[in-house]
Amino acid sequence: MSASITEHLDSWNEREAQAEAMIPLIGQLYRENNVVTGIYGRQLVNQSAIDILKAHRFARQVDEQELPISETLPLVQALSRLDLGSASVDLARLNNAFKRSGATELETFLRAELADVVGRRGEGTPEPTDVVLYGFGRIGRLLARIMIGHASSASGLRLRAVVVRQGKGDDLAKRASLLRRDSVHGPFAGSIRVDEKNSAIIANGTYIQVIYANQPEDVDYTAYGIRNAVVVDNTGMWRDEEGLRRHLSSPGAERVLLTAPGKGDIKNIVYGVNHTDVADSDTLISAASCTTNAITPIIKLMHDKYGIDHGHVETVHSYTNDQNLIDNFHKGERRGRSAALNMVLTETGAAKAVSKALPALEGKLSGNAIRVPTADVSMAVLNLELNREADKDSLNAFLRRESLEGPLHSQVDYIDSAEVVSTDFVGSRAAGVIDGLATITNGRQAILYVWYDNEFGYSAQVVRVLEHITSSAPAKYPSAA
């Protein structure tokens, strides 16, 4: 064996051993301190050694250097000695902050940086807020997966129930099976049991009451011990104030979050952009659409940096349940044609909806959509006329930097691989992922290609809105620039 091969193998074995040493410490921080660790938004809790190394590989900086696990392992070891309270800690950003600080003693730096939670062992977890999922389709089940995954962490969200219409046959078993198995997102990570007697699903210890009702007014949540709950409406049946307010007539329901664009005076919230607009008095809120969430944070970055005179957004969107599998009657134009066989030209209000979160762009963006025969992951093409010129390299460097360290790092991701295709973004928690190699600039014109998991990425945004309106998000370290 050549010296070069031996050197690479030894390096791999050493890094794998460091990742394995990190796993029990990450688990200890999670279980005993309610501390969630991650690397640029990629959570490390319940991950394998290989997954941890892949997260470090992703965390390469503009200079293309991989984040050394030899630097993050000492971080995790030091964090485990600080007896921390509830927090969300990004190791890559914390490592960068340590280097920038000029400090020489790691634990002293961490004590100062995380001063509010040092020595508070597990404290700081808010009183859990009851959450009800009204509707249990694609988005409802993904929201359930995310919240179940957060159940033992610092998050204060507590999934209590789902409300559905009674189906024929083994309804409860079928609902549980759809939660357990997913053709797009893979199997559920954990254990699922069905309690037929009490009409409930138990997932990783989370007891989820299944309530059958034909309309919101039929439900008394207090009968199930549910109080002051946020009802997440995933049906899209009611999108205006009159319709959504029906949920509030149910005892035990306090607020409503719609997972579709709201109409009228309903606030459309894109987390990271205008979530601070939500007031305590707002009982009816919309999390906007998946496309609006994908493009608005990136458009904000572009407008703040370069200014946007006008632009057009074209979305290439996976087909959805509102289309026909084969040709049949449909009330919508073109959507009656087979979703599995056709590209279907349709309309989208996502571009115009951007102005609800960014009023400065009112009337400046147009948009259209093409539905295509893929089950998940879509793309938005942003054709923007800027107020000043931008070249590709500097624009990409700016977007890459913002995706790593900027205040919108949870919403905006960046990739520059020549090999990626849509399925590579299944499960992405980012609202949108910029494909840097596809960026085109021509003077003041910039064309950006943005991938987004229109199911999981959007669901992650919905959970962020939930955490915000219930004040249940853990403290994040280090704070965004």
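Side notes on the structure shown:
- Normalised by the number of residues in the chain, the mean separation of alpha-carbon contacts (under 8 Å, six or more apart) gives a relative contact order of 14 percent.
- Estimated from helical segments only, the mean residue ellipticity of the chain at 222 nm is -10000 deg cm²/dmol, where each DSSP H run of four or more residues counts as -39500 (n - 2.57).
- Each peptide among 285-293, 449-457, 96-104 gets the average number of other Cβ atoms lying within 10 Å of its residues, and from highest to lowest they stand as 285-293, 449-457, 96-104.
- Residue order, fewest to most beta carbons within 10 Å, for Leu67, Leu178, Leu325, Leu244: Leu325, Leu178, Leu67, Leu244
- Judged by the ratio a/c of the largest to the smallest principal axis of the C-alpha gyration tensor, the chain counts as oblate, that ratio being 1.5 or greater while a/b is no larger than b/c.
- The stretch 111-241 pair-distance distribution - Cα-Cα, 5 Å bins, rounded %: 2, 9, 19, 21, 19, 12, 8, 5, 4, 2, 1, 0
- Under the combined filter of DSSP loop state and at most 13 neighbouring Cβ atoms within 10 Å, the stretch 7-56 retains none of its chymotrypsin sites (Phe, Trp or Tyr not before Pro).
- Charge-dipole axis of the chain as Lys and Arg at +1 and Asp and Glu at -1 on Cβ define it, positive-most pick from Gly262, Ile298, Asn13: Gly262
- Rounded if a/c under 1.5, otherwise prolate or oblate - the stretch 337-421, Cα gyration tensor axes: oblate
- Lys/Arg +1, Asp/Glu -1 at C-beta; the chain dipole; positive extreme among Ser417, Ala375, His310: Ala375
- Bridging of Lys168 to lysines at a Cα separation below 21 Å is possible for Lys197, once same-chain residues fewer than 8 apart are set aside.
- For the stretch 3-113, convex hull of alpha carbons as volume per residue, Å³: 109
- In this Cβ point-charge picture (+1 for Lys and Arg, -1 for Asp and Glu), the chain has a dipole of about 960 debye about its Cα centre.
- The phi torsions of the stretch 224-240, fed into the Karplus equation with coefficients 6.51, -1.76 and 1.60 and a -60° offset, translate into couplings of 10, x, 9, 9, 6, 7, 8, 9, 9, 8, 9, 7, x, 6, 10, 10, 10 Hz, rounded to whole numbers, with Gly and Pro shown as x.
- Links that overshoot a 23 Å alpha carbon limit, given the list Lys267/Lys331; Lys331/Lys364; Lys356/Lys392; Lys263/Lys305; Lys300/Lys364; Lys99/Lys476: Lys267/Lys331; Lys331/Lys364; Lys356/Lys392; Lys263/Lys305
- Length-normalised contact order for the stretch 398-471 - Cα pairs under 8 Å, 6+ apart - percent: 26
- For the stretch 221-289, the spread of Cα positions along each principal axis, largest first, Å: 37, 24, 17
- Each of Ile208, Ile370 has some number of other Cβ atoms within 10 Å of its Cβ, and from fewest to most they run Ile370, Ile208.
Any read-out appearing in this document is the output of simple, stated calculations on the displayed coordinates, not a laboratory observation. What you see is a predicted model; the values in this text were computed from it and never measured. With ideal geometry, Cβ positions are generated from the backbone for all residues, glycine too; neighbour counts draw on all protein chains shown.
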